[in-house]
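The structure's right below; bear with me while I get my questions together.
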């Protein structure tokens with residue numbers, strides 16, 4: 001029996017895999033622009049009086065996070081698929097690892113931004129005046145969803161109801177239902193970001209072991225169980241975003257799941273090629 005030259009069995013399947021993979025990578029890169037536009041719009045309400053250096057991560061956490069992930073994804077693509085193993089040494093190896101290290105720092109930095117936003121949504125106080133409409137003419141805005149605001153006007157102020165809160169440090173009003181919904185979405189952001197960091201740690205271990213020739217079937221089985229658990233959480237996060245009507249986060253989460261499935265398949269193909277190059281009986 002002739003052994004296939006690819007983990008995917010045929011050249012046509014491998015080409016289809018590459019096309020789908022790079023299409024997803026391109027769409028994820030475009031998402032950087034979409035998140036930047038969303039956060040710039042929110043910035044005009046949250047930090048209307050100017051933004052300090054330490055507040056940048058809170059204002060642009062999704063943009064920083066997505067940019068770091070796209071660069072990190074491309075680094076993994078180079079190491080697991082694009083580059084020949086024999087070229088991954090010296091300056092190339094240290095360059096890849098150095099860029100990945102910078103990305104990891106950016107991911108942790110973005111995670112603190114998600115956490116700060118979550119904390120801010122719990123630092124609320126009841127509105128000091130009985131009628132929100134009495135604040136018309138000021139710089140107040142109204143929370144309609146996580147990272148989504150509208151200027152307070154005569155129409156929407158009447159819809160706020162009796163339980164109205166202000167977010168500490170911001171001229172932002174929210175009713176109890178909207179605030180609760182935003183808090184849940186902020187929790188999902190934090191859980192999702194933390195989970196992805198754990199996924200990439202496992203993947204980093206796999207890549208380093210593969211480069212050393214120590215990625216055994218036993219290790220692959222162990223990391224598979226860990227990643228199935230982590231990916232299940234990510235699917236739940238994506239599902240909640242879809243249920244809550246947060247299309248951009250749902251779309252982005254779905255693309256990232258596909259992207260890392262492709263990276264996983266890269267590792268399988270990489271290990272398959274390595275095994276084929278071993279002498280018979282090795």
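The values are calculated or read from the model by the stated rules, or taken from the named source; none is laboratory data. These numbers come from a predicted model, not from an experiment. Because the Cβ atoms are built from the backbone with ideal geometry, glycine has one as well, and the counts that use them run over all protein chains shown.
Within segment 37-60, which residues are over 19 Å from residue 254 (Cα atoms) and under 17 Å from the mean Cα position of the chain (by Cα)? It would help to see each step written out before you state the result.
To start, the set of residues in segment 37-60 that are over 19 Å from residue 254 (Cα atoms) comprises 37, 39-60.
Correct list: 37, 39, 57, 58, 59, 60.
Output the number of the condition that residue 86 fails; it satisfies all remaining conditions of (1) surrounded by 15 or more Cβ atoms within 10 Å (Cβ to Cβ); (2) under 24 Å from residue 17 (Cβ atoms).
Every condition holds for residue 86 apart from (1).
When you look at residue 215, is it more than 29 Å from residue 63 (Cα to Cα) and not in a helix (DSSP H, G or I), yes or no? Walk me through it before giving the result.
Working: more than 29 Å from residue 63 (Cα to Cα): yes; not in a helix (DSSP H, G or I): yes.
Yes: the conditions hold for residue 215.
Quick test for you: out of 143, 135, pick the one residue that is in contact with a helix residue (DSSP H, G or I) (Cβ under 6 Å, 6 or more places away or on another chain) and either more than 19 Å from residue 57 (Cβ to Cβ) or modelled with pLDDT under 90 (or both). Give the steps one after another, and end with the answer.
On the way: 135 fails: in contact with a helix residue (DSSP H, G or I) (Cβ under 6 Å, 6 or more places away or on another chain).
Result: 143 is the single residue among 143, 135 that is in contact with a helix residue (DSSP H, G or I) (Cβ under 6 Å, 6 or more places away or on another chain) and either more than 19 Å from residue 57 (Cβ to Cβ) or modelled with pLDDT under 90 (or both).
To keep it simple, each residue is scored yes or no on (1) modelled with pLDDT under 90; (2) outside any helix (DSSP H, G or I); (3) surrounded by fewer than 18 Cβ atoms within 10 Å (Cβ to Cβ); (4) touching a strand residue (DSSP E or B) at 6+ places or on another chain (Cβ under 7 Å).
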| site | (1), (2), (3), (4) |
| --- | --- |
| 166 | no, yes, no, yes |
| 173 | no, yes, no, yes |
| 183 | no, no, yes, no |
| 186 | no, no, no, no |
| 191 | no, no, yes, no |
| 200 | yes, no, no, no |
| 203 | yes, no, no, no |
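I've got another one for you. Checking residue 81 against (1) more than 18 Å from the chain's Cα centre (by Cα); (2) part of a helix (DSSP H, G or I); (3) touching a residue at least 60 places away in the same chain (Cβ under 8 Å); (4) more than 24 Å from residue 207 (Cα to Cα), which single condition isn't satisfied?
(4)
Within segment 131-149, which residues are in contact (Cβ under 8 Å) with a residue 60 or more places away in the chain and either in a strand (DSSP E or B) or in contact with a strand residue (DSSP E or B) (Cβ under 8 Å, 6 or more places away or on another chain) (or both)? Break it down into steps so the answer makes sense when it comes.
We begin by selecting, within segment 131-149, every residue in contact (Cβ under 8 Å) with a residue 60 or more places away in the chain; these are 139, 141, 145-149.
Scanning segment 131-149 gives 141, 145, 148, 149.
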